[in-house]
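K.L.:
Sharing a structure below in structure tokens format, with a few things to ask.
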Amino acid sequence: MGETLETLKAYQLACALRKEAFRISRCFPWDDRRGAEHLRETARQITQSMAEGYHRNGYAEKIQFFRYALTSTLELGDQIGAASDAGYVGEDDRDSRLEQVTEVARVTRGYIRFLERQRD
């Protein structure tokens, strides 16, 4: 059986991060529901960009969408840091999530390099 989106390591890690981002968003107070919504949307954008890119035909488009996913991953890391600064997320939880962000970014960069080598 060949590789599918669901077996792609970057996508699997991003899905796990999305789940944690949704959990964190429930810790936001009611008066910052826009912040919680933005956190969830950014987490969704990571996996959605990967899904769209994975199913594109050309390498250039695949690379472009995985770069979008990488940018959203880094944005999510900043949002998690901001949530911690606001007191919505504890330090241990923040550190664990930022480790996840780092790992998703690392593996996504690796997949982008793979695609670039395939293209050349």
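Every number here is computed from the coordinates shown, using simple stated rules; none is lab data. As the structure is a prediction and not an experimental result, all values here were calculated from the model. All Cβ positions, glycine included, derive from the backbone under ideal geometry; neighbour counts span all protein chains shown.
K.L.:
Looking at Gly58, Gly53, Gly35, Gly77, which one is more than 23 Å from Thr7 (Cα to Cα) and free of Cβ contacts under 8 Å to residues at least 40 places away in the same chain?
P.N.:
Working: Gly58 fails: more than 23 Å from Thr7 (Cα to Cα); Gly53 fails: more than 23 Å from Thr7 (Cα to Cα); Gly35 fails: free of Cβ contacts under 8 Å to residues at least 40 places away in the same chain.
Result: Gly77 is the single residue among Gly58, Gly53, Gly35, Gly77 that is more than 23 Å from Thr7 (Cα to Cα) and free of Cβ contacts under 8 Å to residues at least 40 places away in the same chain.
K.L.:
Among the residues of region 89-100, is any in a loop (DSSP other than H, G, I, E, B), touching a residue at least 60 places away in the same chain (Cβ under 8 Å) and out of contact with any Phe, Trp or Tyr (no Cβ under 6 Å at 6 or more places or on another chain)? Steps first, please.
P.N.:
Step one: of region 89-100, the residues in a loop (DSSP other than H, G, I, E, B) are 89-90.
Checking the rest, the ones that are also touching a residue at least 60 places away in the same chain (Cβ under 8 Å) come to 89.
Filter once more, so that each one left must be out of contact with any Phe, Trp or Tyr (no Cβ under 6 Å at 6 or more places or on another chain): 89.
The answer is yes, given that some residue of region 89-100 is in a loop (DSSP other than H, G, I, E, B), touching a residue at least 60 places away in the same chain (Cβ under 8 Å) and out of contact with any Phe, Trp or Tyr (no Cβ under 6 Å at 6 or more places or on another chain).
K.L.:
Name the residue, out of Arg44, Arg56, Arg18, that is at negative phi and not in a helix (DSSP H, G or I). Before you say what the answer is, go through the steps one by one.
P.N.:
Numbers: Arg44 fails: not in a helix (DSSP H, G or I); Arg18 fails: not in a helix (DSSP H, G or I).
Testing whether each residue is at negative phi and not in a helix (DSSP H, G or I) leaves just Arg56.
K.L.:
Does Cys27 satisfy being surrounded by fewer than 20 Cβ atoms within 10 Å (Cβ to Cβ), touching a residue at least 12 places away in the same chain (Cβ under 8 Å) and in a loop (DSSP other than H, G, I, E, B)? Can you show your working first?
P.N.:
Details: surrounded by fewer than 20 Cβ atoms within 10 Å (Cβ to Cβ): yes; touching a residue at least 12 places away in the same chain (Cβ under 8 Å): yes; in a loop (DSSP other than H, G, I, E, B): yes.
For Cys27, the condition - surrounded by fewer than 20 Cβ atoms within 10 Å (Cβ to Cβ), touching a residue at least 12 places away in the same chain (Cβ under 8 Å) and in a loop (DSSP other than H, G, I, E, B) - is met.
K.L.:
Could you list, in sequence order, all residues of region 88-109 that are of a type in the set (Gly, Ala, Ser) and surrounded by 12 or more Cβ atoms within 10 Å (Cβ to Cβ)? So that I can check it myself, show each step before the final result.
P.N.:
In the first step, residues of region 88-109 are kept if they are of a type in the set (Gly, Ala, Ser); the result is 90, 96, 105.
The answer is Ser96, Ala105.
K.L.:
Related question: Taking Thr7 and the conditions (1) loosely packed, with under 14 Cβ neighbours inside 10 Å; (2) of a type in the set (Val, Ile, Thr); (3) under 14 Å from Thr102 (Cα atoms), which numbered condition does it fall short on, given that it satisfies the others?
P.N.:
(3)
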